[in-house]
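Take a look at the structure set out below.
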Amino acid sequence: MTLQLILFFVFSLVVLGAALFVVTSRNLFRSALMLVLSFFGVAGLYVLLDAGLFAVAQILIYIGAISILIIFAVMLTRGMQGMEPRNSQYVGAAVVAALVFAGMLFILGPFRVTFDPQSVPLLNLIFRNATPREVGAVAWPYALEQAGALRVVPETYIADFGRALVDINQYLLPFLLIALMVDVALAGAVHIARQRRPQEMIEDRQELEAEIASEQAAIEALQRSAAPALPDTAVAAGNEH
Amino acid sequence: MNATPLLNGIPLWAFIVVSSMLFCIGLYGTLARKNTVAILMGLELMLNAVIINLVAFWRFIAPNSSSGLAFAAFIFVVAAAEAAVGLALIINIYRSTQSIDPEKLDQMKL
């Protein structure tokens, strides 16, 4: 029982407990605060994974930026406070979430079970010659130096990561594309959320109405000028026959 | 299970199980909440679970390459952009309809 294992249990309990509170709480403001606690626990997990850079990034981006945005949204939609926390399909949602978790635990978790296709009614018709086999628990290709020990993270991993992001042979193009994407997304967000002043909206409406009126006048003028022309074309069409 | 290397006493599957639990909690929140801001909170939890997974695989399987960190960083950026756009949309919708119940947002239905 190492210190790191104890810390892992503590951080996992904080993350999962806070996340459960986030999805079940009736008070949306409390669930936003619990979301911050959950993000802190995730930052602790990054520290246990020797990725201190990501712990800092987690605190800066998630807690410093995203949580603040969410708290702002909660406060700007004050009228929605006393809302029922669950919609009508929450039982189905819980079942789906539990099934997804069971599937992931079966594939990714530590348990290996012996599965005999002959014991399952339909499968024994398809796999006649199948033998019992062990399923579950993917054997990940660990980069082992000697059995049971993990490679150490290089001292310069942050510098390597920075170089990989601007290396044309590695991640330069995705890096530039993601920079462009976040730029466009933020500009779009500013445009969508921009509060238009009432005076501006009135001017816009007047402009629109004037435009519609002028178009209507143009259409009427066109119809008036086209109306006498109609018999002529009919006559011309009649002459041809 | 016996041959799994440990990181200071913690096996890889422990991180994966915690992150899949977090993912499923976020999935439940996304599917079952009645408030659009709460749905976005569930989405953030799911994205966090994915980043834990990527960093854990980086540490256990390929600590000498930067791929895991690079993809985790891209997800960070996508999460920030998604939160900004989503919350801007929510504020705009609330301003025009005085409601952010997703079941009432059917103006685009044919």
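Label zone of A:R26 (point 7 Å out along Cα→Cβ, amide N under 17 Å): in the range B:17-57 this covers B:33-35. Comparing B:I16, B:I51, B:I61 in a Gaussian network model of chain B (Cα springs below 10 Å), the most mobile by mean-square fluctuation is B:I61. The distance separating the Cα centre of the range A:212-228 from that of the range A:145-210 comes to 49 Å.
Can you give the mean number of other chain Cβ atoms that lie within 10 Å of the Cβ atoms in peptide A:94-104?
Numbers: counts 5, 2, 5, 11, 3, 1, 5, 8, 2, 2, 7.
Mean number of neighbouring Cβ atoms from other chains: 5.
Among residues other than A:L123 with Cβ under 15 Å from its Cβ, the summed charge is +1 (Lys and Arg +1, Asp and Glu -1). When chain A is treated as a Gaussian network with alpha carbon springs shorter than 10 Å, the biggest mean-square fluctuation among A:F106, A:F115, A:F175 belongs to A:F115.
When each full DSSP H helix of chain A is screened for a Cα extent of at least 20 Å along its own axis and an average Kyte-Doolittle hydropathy of at least 1.6, the helices passing are A:3-24, A:28-48, A:90-108, A:172-193.
Just how large is the dipole of chain B about the Cα centre, in debye to the nearest 20, putting +1 at every Lys and Arg Cβ and -1 at every Asp and Glu Cβ?
In debye, rounded to 20, chain B gives about 60.
For chain A, adding -39500 (n - 2.57) for each run of n ≥ 4 DSSP H residues and dividing by the number of residues yields -21000 deg cm²/dmol at 222 nm. Highest average first, the peptides B:90-96, B:69-75, A:3-9 ordered by how many other beta carbon atoms sit within 10 Å of their residues are B:69-75, B:90-96, A:3-9. Over the residues of chain B, the helix contribution to mean residue ellipticity at 222 nm works out to -25000 deg cm²/dmol, using -39500 (n - 2.57) for each DSSP H run of at least 4. Label positions at B:I75 and A:L7, each projected 7 Å from the Cα along the C-beta direction, are separated by 2.2 nm. For the range A:5-62, the mean projected area of the C-alpha convex hull, equal to one quarter of the hull surface, is 3.7 nm².
Any read-out appearing in this document is the output of simple, stated calculations on the displayed coordinates, not a laboratory observation. Remember, predicted model here, so these are calculated numbers, not experimental data. Ideal geometry is used to build each Cβ from the backbone, glycine not excepted, and the neighbour counts take in all protein chains shown.
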